[in-house]
Amino acid sequence: MLALKLLLVPAFLAIISFAGRRWGPGVAGWLGGFPSLTGPVLFFLALERGPEFTVHAAVLSLSAVFSAVSFGIAYSWACMRLPWYGALLCAYAAWTAAVNLLVHLPLTAAWSLGIALLTLFAAPRIFPRAHGQWGRQPLPTQELLLRMAAGAAMVLAVTGMAEALGPAWTGLFSAFPVMSTVLAVFSQRANGPGFVVAMLRAMIGGFYAYISFCLCVALLLDRWGIAATFVTAVIAAVVVQGSAKAIMMRTA
């Protein structure tokens, strides 16, 4: 179990990092919206805390699209004027405000789904436009290792604190923007704000896969069990991810 926690999310981060290096911010952002952190966290919670805890956490994770997108919007606007540490501070402030709002709402799966979809509908109208040119900068080994270490640390922290946090806060922290943080900070330093804005904006399309995954867990886990639920959730996320990309390409 510990080996999975240490390897699974860092592997996703490495894949996304290389994809951004090879194909640019649009692909990196699209992949970044996939539940590559939340999915493993919910799976480990189901094994360690049981279905009831995990279902509640999944409902809150579903609504956390709102806080994740709030992070991305705040970072995108701030990074055009501020260095990475100033932009990150603004983004964390926006994420904290959004999470504190969500945790006080009487959320059900239906309400969380509505919040998530409304967020994705409104987000493209709020993000700034990406400007500037960016090249393919090399990805230093030490930087890749830092990205992977940050992902592993987050999984260990959330699953380790789950009992103390309770299912609501665990669900919200499972969607903590560690992927967005790592990708945005390192990308701003290497490629500039234009790359970051394009990447974070592209995450909107990837979040539809995130929604489908969390919704499957919230609705099916009590009845189907762990194996069938998570296999179905992964398949649903992959299908939705591919469909979203196809639609984006046609409308681009």
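You can think of it this way: the chain between F18 and L101 has 26.4 nm of extra reach, that is 0.36 nm per residue less the Cα-Cα gap. Each residue of region 82-98 is assigned a 3J(HN,Hα), and the resulting list reads 10, x, 4, 5, x, 5, 5, 4, 4, 5, 5, 5, 5, 4, 4, 5, 5 Hz, derived from the Karplus form 6.51 cos²θ - 1.76 cosθ + 1.60 (θ = phi - 60°), x at Gly and Pro. For the peptides 65-75, 100-110, residues were scored by their other Cβ atoms within 10 Å and the scores averaged per peptide; the highest-first order is 65-75, 100-110.
All of the numbers you see were taken from the coordinates with simple rules; none came from a lab. Predicted, not measured: the structure shown is a model, and the values here were computed from it. Positions of Cβ are backbone-derived with ideal geometry, glycine not excepted, and every protein chain shown enters the neighbour counts.
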